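Asks: Dumping the structure here so I can ask a few things about it.
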Amino acid sequence: MDPIKQSSSQLVFTVRRRKAELITPAKPTPRETKFLSDIDDQEGLRFQIPVINFYRNDSDYSTGGNHDPVKVIKKAIAETLVFYYPFAGRLREGNGRKLMVDCTGEGVMFVEADADVTLEEFGDELQPPFPCLEELLYDVPGSAGVLNCPLLLIQVTRLKCGGFIFALRLNHTMSDAAGLVHFMTAVGEMARGASVPSTLPVWCRELLNSRNPPRVTCTHHEYDEVPDTKGTIIPLDGMVHKSFFFGPSEVSALRRFIPPHLRKSSTFELLTSVLWRCRTISLKPDPEEEVRVLCIVNARSKFNPPLPNGFYGNAFAFPVAVTTAAKLCKNPLGYALELVKKAKSDVTDEYMKSVADLMVMKGRPHFTVVRTYLVSDVTRAGFGEVDFGWGKAVYGGPAKGGVGAIPGVASFYIPFKNKNGENGIVVPVCLPAFAMEIFVEELDGMLKGNDDPLGKYTNYAIIKPAL
């Protein structure tokens, strides 16, 4: 089965927006300064991340008889900000590049909009890349800075069919996927009539601060300073966005490449190994150059004691697998799989403390992006479960792949049901056009089983030094 699904990106429609406004907390909130953690304010999280949820008009929503999602959600945001009031503030930077929230109560940016399109016109499989995304999540001029700007931008767009789109842009230093879903869930609960969120937010960012004195006790190749000697950071020109679906049959086809001693590997580990390998082949790096995959690992359960339930800050690590392009592509898949499994197992309570210490000692560096692929599994984050009174989202999750302080590096694993009703994972991939063709060919070869599954899969001749 071909995993590439045609997106509805050819669809063109008009979005009429009202003037952007600020939504402030519904009641007075504390005026104070709250420091971010030493995990939150690293350079690699100082960017805006887009999320998008699509909703049908199939609700029996009746609270107050208000069927306008804009009015319902605006009111719910104001009520939720009473509890999540730091989101209504602004970031400032202090000594040592330390970030803090000035809880000014200025509010979050909100855009009301209408689009002359129905949900059905987006096609029967909603997945990135979405058509006219820049119209559904409008970049309000002057709003996108990391410092002194709104920490959230939310746009609710009504559709002709009565459905709507909830799109959000988050300053990533404030929250990770799990933390953002806490906030979105609370907005949904308030929209459905609650007076208090079922899970109260917990700040406690000091739990992820460096020790005194800081001491790096683990190896962190994810923050190595790697010079880009051959211009291998992906250029943004000519980038192609495609989504790939992995359902039961695709995963089963790929599992044939796993050697017996690794049969218990998770789907995340399998997909990460396959995509890293296919992507590396497609980009044609020098065979002897180092290549990396960074696996985002939610560390909430790794802490002892575990982080509080309502914690909504960044609580993940970027453990890394490193090898040469030649070794990754010449060896059977089991080689990459072992590297990925080892990287994931590195994350412990001590590892997180060591990352926080490294941040303070080295000036909050960016993770390595040269010849790097970053993967983030949001299949369990719960974006699609968020209910504003119109039921669960038809699609909920990242608005596109390749986002980040350095675009083109990241892919998300997003839960997805295809038109045949199969549950699986959709992965948006962002590559230069020449590389995407090779990527598709490599992945298709594995899915169609054209090669000896446990042999040396791939014609390495296509790997040649970048010019």
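The values are calculated or read from the model by the stated rules, or taken from the named source; none is laboratory data. Computed from a predicted structure; not experimentally measured. Here the Cβ positions follow ideal geometry from the backbone for every residue, glycine too, while neighbour counts run over all protein chains shown. Accessible surface is based on the protein model in full, side chains and every heavy atom, while ligands, DNA and RNA are left aside. Shrake-Rupley method; radii C 1.70, N 1.55, O 1.52, S 1.80 Å.
Asks: Identify, please: which residue in segment 171-224 is within 18 Å of F388 (Cα to Cα) and β-branched (V, I, T) and is, among those, most open to solvent (accessible area, probe 1.4 Å)?
Replies: For segment 171-224, the residue satisfying everything is V196.
Asks: Name the residue, out of Q42, Q127, that is within 30 Å of V409 (Cβ to Cβ), open to solvent by less than 40 Å² (accessible area, probe 1.4 Å), of a type outside the set (A, V, I, L, M, F, W, C) and at pLDDT 95 or above.
Replies: After ruling out the rest, the residue left standing is Q42.
Asks: I need a count of the residues in segment 385-412 that are over 26 Å from A144 (Cβ atoms) and in contact (Cβ under 8 Å) with a residue 60 or more places away in the chain.
Replies: Matching residues across segment 385-412 total 6.
Asks: Then there's this: Looking at segment 224-238, can you tell me whether even one residue there is at pLDDT 95 or above, of a type in the set (A, V, I, L, M, F, W, C) and either within 24 Å of H366 (Cα to Cα) or out of contact with any helix residue (DSSP H, G or I) (no Cβ under 6 Å at 6 or more places or on another chain) (or both)?
Replies: No - not one qualifying residue is present in segment 224-238.
Asks: Moving on. Do you know which residues across segment 317-346 are under 30 Å from L170 (Cβ atoms) and crowded, with 22+ Cβ neighbours inside 10 Å?
Replies: A317, F318, P319, V320, A321, V340, A343, listed by residue number.
Asks: Is it fair to say V355 is assigned to a loop (DSSP other than H, G, I, E, B) and not acidic (D, E)?
Replies: no
Asks: Same structure again: Any idea which of S301, S252 is at pLDDT 95 or above, open to solvent by 20 Å² or more (accessible area, probe 1.4 Å) and assigned to a helix (DSSP H, G or I)?
Replies: Step by step, each of S301, S252 is checked, and only S252 is at pLDDT 95 or above, open to solvent by 20 Å² or more (accessible area, probe 1.4 Å) and assigned to a helix (DSSP H, G or I).
Asks: Can you name the residue in segment 274-297 that is of a type in the set (V, I, T) and within 18 Å of the chain's Cα centre (by Cα) and, of all such residues, is surrounded by the most Cβ atoms within 10 Å (Cβ to Cβ)?
Replies: V293
Asks: Here's a follow-up. Kindly indicate which of F439, F388 is at pLDDT 95 or above, part of a loop (DSSP other than H, G, I, E, B) and open to solvent by less than 10 Å² (accessible area, probe 1.4 Å).
Replies: F388 is the lone residue from the list that is at pLDDT 95 or above, part of a loop (DSSP other than H, G, I, E, B) and open to solvent by less than 10 Å² (accessible area, probe 1.4 Å).
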